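Asks: The structure follows.
The values are calculated or read from the model by the stated rules, or taken from the named source; none is laboratory data. What you see is a predicted model; the values in this text were computed from it and never measured. Cβ coordinates were reconstructed from backbone atoms using ideal geometry, including for glycine residues, and neighbour counts include every protein chain displayed. For the accessible areas, the whole protein counts, side chains as well, though only heavy atoms, and no ligand, DNA or RNA atoms are used. Shrake-Rupley method; radii C 1.70, N 1.55, O 1.52, S 1.80 Å.
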Amino acid sequence: MFFKSLADPTRLSILYLIATHPDGRASSNALAQALGISAPTVTHHMKKLVSARLVAREQVGKWAYHSLHPDNADTVAKIFSAVTAG
């Protein structure tokens, strides 16, 4: 499930946006706007990323915020550093 989740370009973009966000977390709304996709599409991708333990979800009032899951944050950071270095 972990690597299958990384195979989708939209999910990789979502992970990158979360990983590089100054707060270390991003709302579903912000992700949808940044990627130019609908909120339901973000929700679909987030379910897969949460299920793979790549992303953690935090509900704050009516907003959902997403951050890298602590168990895999280092792995995700290494993936992006390898991609940007190469």
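Asks: Among the lysines, which fall within straight-line cross-link reach of residue 48, defined as a Cα-Cα distance under 20 Å, with same-chain neighbours fewer than 8 residues apart omitted?
Replies: Correct list for residue 48: 4.
Asks: Tilt of helix 39-51 relative to the longest C-alpha principal axis of the chain, in degrees (0 to 90, nearest 10)?
Replies: Roughly 50 degrees, rounded to the nearest 10.
Asks: What is the distance in Å between the Cα centroid of segment 51-76 and that of segment 1-27?
Replies: Going from one Cα centre to the other spans 9 Å.
Asks: May I pose another question? Would you mind working out the accessible area per residue for the chain, using a 1.4 Å probe, and quoting it in Å²? Please list the in-between numbers first.
Replies: Working: 5240 Å² over 86 residues.
Result: 61 Å² per residue.
Asks: D for the chain, whole µm²/s, Stokes-Einstein with Kirkwood Rh over alpha-carbon pairs at 10 °C and 1.306 mPa s: what number? Walk me through the numbers before you get to the answer.
Replies: Working: Rh = 12.8 Å.
Taking Rh from Cα pairs, D becomes 124 µm²/s.
Asks: In whole percent, and with a 1.4 Å probe on the protein chains, what portion of the accessible area of the chain is carbon and sulfur?
Replies: Details: 2900 of 5240 Å².
Exposed carbon and sulfur together represent 55 percent of the surface.
Asks: At 7 Å along the Cα-to-beta-carbon direction for both residue 47 and residue 1, put a label point, then send me their distance in nm to one decimal.
Replies: 1.3
Asks: Same structure, new question: Using alpha-carbon pairs under 8 Å, 6+ residues apart, how would you state the relative contact order of the chain in percent?
Replies: Details: 89 pairs, mean separation 25.6, N = 86.
RCO, the chain: 30 percent.
Asks: In addition: Could you tell me how many degrees, from 0 to 90 and to the nearest 10, lie between the Cα long axis of helix 73-85 and the main elongation axis, the longest principal axis, of the Cα atoms of the chain?
Replies: Once rounded, one gets 60 degrees.
Asks: Here's another thing I want to ask about it. Where Lys and Arg each count +1 and Asp and Glu each count -1, what net charge lies around residue 56 among other residues with Cβ under 10 Å from its Cβ? Intermediate values should be presented prior to the final figure.
Replies: Numbers: positive: 25, 53, 57; negative: 58, 71.
Net local charge, residue 56 excluded: +1.
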